[in-house]
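Worksheet: the structure to be examined is printed underneath.
The values are calculated or read from the model by the stated rules, or taken from the named source; none is laboratory data. No experiment lies behind these values; they were computed from the predicted model shown. So basically every Cβ, Gly included, is an ideal-geometry build from the backbone, and we count neighbours across all protein chains shown.
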Amino acid sequence: MKVPLLDLKGQYQSIKDEMTPVLNEVIESQLFILGPNVEKLEAEIARYCGAPYAVGVTSGSDALLLALMAMDIAPGDRVITTPYTFFATAGSICRIGAVPLFVDIAPDTFAIDPVKIRALLERLPEAERCRVKAIMPVHLYGQCADMPEIMAIARQYDLKVIEDAAQSLGAAITVDGAERKACSIGDFGCISFFPSKNLGCFGDGGMVTARDEQVARKLKSLRMHGQTYTYHHQYIGMNGRLDALQAAVLLVKLPHLDSWAAGRQKNAAVYAKLFAEAGLLEYITPPVKRAGRSHVYNQFIIRANNRDALKEHLDRNGIGTAVYYPLCLHLQDCFSFLGGKQGDYPEAEKASQETLALPVFPELKREQIEYVVEQIEVFYKK
Ligand SMILES: *Cc1c(COP(=O)(O)O)cnc(C)c1O
């Protein structure tokens, strides 16, 4: 049996009839840059997240970059973030000349650990602490980072918060007694519509959410080279626009997002049950969902004994898997100038050695999940 890590063809078939006329309409209009579809999507994403404003941009990476630009993060400023994430998180910080200050993760959620953020801020000398301008937590794999604590720290130290929600559109967490969705909590929320995310377009796309109108207007200017009216530039911006075809695709898909997430959650529950029944919990640890949070399982990540050999075994037997992420950011060649070394962030480093993504996309069949679990059992027990 073949079980791909992700196969989007089934999803496409299920919405093809809705999609074709909408795409044709954009093509017939020959209006590809911004326009009504982008505006409508911005309004719908803002409403979906419970964020006041949303601005469509070229990608999740540019969403992060534009958020940093909108808050005037300058060369030499420090931004606290996690070393265990996709490259773009810290990449965006360095791209504008700021310096990422890495803080280790909590081992259960794989997200930045607020206890360690606090410890870092307390240990920094005053002059250095003044340079810290923001925290960029990542809602990794589909579950929110510890936002109540992160927001409390941000208030105490007067820091901005940029949520990297590229993997977690729709994930919820209780903050001050109320359920909040990713992107509605910090000052900015950054979304990616890369095809493998839970809401993916037909190429690259992204969105930034913002809390106030002034900031939203600045983001809209920055994505148009900082223009405020035609060919008059208040800021040095960039070409960072979401295009109309992608917005049209996303408008068709958005109404299905919650049911797709439910499909992922159902698959995750099937895995958890089968792992326990097969007696596999001494070899692997399924994803942990903390109380007061939902999990939308953009990735279904297990910790596994002897991870690399398990991966090889599953690959050989037709099961698609992936390692997110095999090398922590503080150990990447391009960040060597930051002086990171092995041992700096032990939980992140341990995760990079132990984690494995298994197929969890909503169209997966029960037999396919059973087969994955069977093959894991074969690996550990036979
Ligand atoms: C995918 C991803 C991004 C970047 O999004 P793109 O749309 O691919 O540029 C940023 N951060 C995280 C955590 C991601 O998973």
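Looking at the range 159-211, the strands (runs of 3 or more DSSP E) lying wholly inside it that each contain 1 or more residues that are more than 12 Å from the chain's Cα centre (by Cα) and within 16 Å of the ligand (Cβ to nearest atom) sit at 160-164, 188-192, 206-210.
Looking for something without any contact (Cβ under 8 Å) to a residue 60 or more places away in the chain, within 21 Å of the chain's Cα centre (by Cα) and surrounded by 13 or more Cβ atoms within 10 Å (Cβ to Cβ) - is there at least one such residue anywhere in the range 362-369? No, the conditions are met nowhere in the range 362-369.
Checked against (1) more than 20 Å from the chain's Cα centre (by Cα); (2) surrounded by fewer than 16 Cβ atoms within 10 Å (Cβ to Cβ), Thr285 passes all but condition (2). Regarding the range 286-306, can at least one residue be identified that is more than 30 Å from Val26 (Cα to Cα), in the same structural domain as Arg366 (by TED's automatic domain parsing) and part of a helix (DSSP H, G or I)? No.
Candidates are the residues of the range 331-370 that are of a type outside the set (D, E, K, R), in contact with a Lys or Arg (Cβ under 9 Å, 6 or more places away or on another chain) and part of a helix (DSSP H, G or I); the one that is farthest from Leu310 (Cα to Cα) is Leu331. Restricting attention to the range 19-46, the residues being exposed (fewer than 14 other Cβ atoms within 10 Å of the Cβ) and closer than 23 Å to Pro362 by Cβ number 1.
Within the set Thr85, Thr20, the sole residue that is assigned to a loop (DSSP other than H, G, I, E, B) and polar (S, T, N, Q) turns out to be Thr85. Failed condition for Arg223, given (1) over 14 Å from the mean Cα position of the chain (by Cα); (2) surrounded by fewer than 24 Cβ atoms within 10 Å (Cβ to Cβ), with all others met? Of the numbered conditions (1) over 14 Å from the mean Cα position of the chain (by Cα); (2) surrounded by fewer than 24 Cβ atoms within 10 Å (Cβ to Cβ), the odd one out for Arg223 is (2). Do we find a residue being within 26 Å of Phe300 (Cα to Cα) and not hydrophobic (A, V, I, L, M, F, W, C) anywhere in the range 269-276? The answer is yes, given that some residue of the range 269-276 is within 26 Å of Phe300 (Cα to Cα) and not hydrophobic (A, V, I, L, M, F, W, C). Only one of the listed residues (Ala74, Ala119) is at negative phi and assigned to a loop (DSSP other than H, G, I, E, B). That residue is Ala74. Cβ-Cβ distances below 8 Å connect the following pairs, each with a first residue in the range 132-149 that is polar (S, T, N, Q), a second residue that is surrounded by fewer than 24 Cβ atoms within 10 Å (Cβ to Cβ) and in a strand (DSSP E or B), and a separation of six or more residues or different chains: Gln143/Arg293; Gln143/His295. Being at pLDDT 95 or above, touching a strand residue (DSSP E or B) at 6+ places or on another chain (Cβ under 8 Å), more than 16 Å from the ligand (Cβ to nearest atom) and aliphatic (A, V, I, L, M) is a property that Ala70 has.
When Ile80 is tested against the conditions (1) outside any strand (DSSP E or B); (2) out of contact with any Asp or Glu (no Cβ under 9 Å at 6 or more places or on another chain); (3) more than 10 Å from the ligand (Cβ to nearest atom), the lone failure is (1). Within the range 229-255, the set of residues being buried (at least 21 other Cβ atoms within 10 Å of the Cβ) and of a type in the set (A, V, I, L, M, F, W, C) comprises Leu242, Ala244, Ala247, Ala248, Val249, Leu250. For Arg217, the criteria (1) basic (Lys, Arg); (2) assigned by TED's automatic domain parsing to the domain that holds Leu66; (3) in contact (Cβ under 8 Å) with a residue 12 or more places away in the chain hold in every case but one, which is (3).
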